[in-house]
Amino acid sequence: MSTVTATLSYFTPPTDGSRPWQYITPPDPKSGLPASNFGSENHQAEIENIRGKEDSYSLDTSGFQFHKREARHKAFNDVAAIEREYYPESIEFIKEYTGANKVVIFDHTVRRRRPGDTENTPQKRQPVPRVHVDQTKASATARVHRHLPGDEAPSLVKRRFQIINLWRPIKNPAIDWPLAFCDYRSVDPNKDFVPTTHKYPDYDGETMAVKFNPSHRWKYIKGMTPDEFVLIKCFDSKEGVAAFVPHTGFEDPSTPPDAPPRESIELRALVFYDE
């Protein structure tokens, strides 16, 4: 078994006992406003490289699923071109690998790590170095109503629906700051997660912060290439399957010093089923 030992950042609650919150884009430092009201603590974790064993992990068991499929779109520099060219092919990938009958991509983020650059604005997103889950049940349901027509949303949320991210390296293999995933079968859904307000400029969303649990089992694929992608489950309304998967970017200690900084794109999709 090939593993690395890495430092992962977990949630610690606000000291005043209040509900945790954070801004999606940190306020101007000159304003004196904090970016969040909660803290973090570092823990060492064994992270297993599961290359060659990808078939042992699926969306319904572990909460993540790796695939190899080249994207026709290659540039990832223009928002309109990404939406026009990359969205449709990715929708087809998600339908093929999940069996869903309807997929709606509601946004995407391109991340390019910039060593020494602390700016993290919408135009300069960097890898997220914190264990988290992108959605809660409340925020997932709100997303359906936010992004689907009012005459469709009520019936769609009565059937199975999911939020799934499609994450892919771009330009180079993701040797630098790869993504790690915590197998859902190793989490305690009732104790490990804390709903956290996610403040956007025009509304409040909700994510889940993750508390440390020594039972967590972490996985990754070393050196994912631009021809590979991973489906990341952020929410599932169906009971009896993996509901979501905690994940984080991490500094892999086995990364060569000359590895190019990580570049990646993640699409966020509402995924619907007939069942």
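Values as computed for the structure displayed
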{"item": "Where only alpha carbons of the chain are counted, the Rg and the Dmax (Å)", "result": "18.0, 54"}
{"item": "Share of carbon and sulfur in the accessible heavy-atom surface of the chain [1.4 Å probe, %]", "result": "50 percent"}
{"item": "Alpha-carbon centroids, the stretch 107-162 and the stretch 204-275: separation in whole Å", "result": "12 Å"}
{"item": "Global geometry of the stretch 143-184, whether rounded, prolate or oblate, following the gyration tensor of its Cα atoms and the 1.5 cut on a/c", "result": "prolate"}
{"item": "Alpha-carbon gyration tensor eigenvalues x 5, square-rooted, for the stretch 1-93, Å", "result": "34, 26, 13"}
{"item": "Per residue accessible area of the chain, 1.4 Å probe, in Å²", "result": "47 Å²"}
{"item": "Highest average packing first - 207-216, 166-175, 10-19, 42-51, Cβ atoms within 10 Å", "result": "166-175, 207-216, 42-51, 10-19"}
{"item": "Whole-number D in µm² s⁻¹ for the stretch 75-128, Kirkwood Cα-pair radius fed into Stokes-Einstein, 25 °C, 0.890 mPa s", "result": "188 µm²/s"}
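The values are calculated or read from the model by the stated rules, or taken from the named source; none is laboratory data. As the structure is a computational prediction, the values presented were derived from the model and not from experiment. As a convention, Cβ positions derive from the backbone with ideal geometry for all residues, glycine included, and neighbour counts pool all protein chains shown. Please note that ligands, DNA and RNA were not included when accessible areas were found on the heavy atoms of the full protein model with its side chains. Shrake-Rupley method; radii C 1.70, N 1.55, O 1.52, S 1.80 Å.
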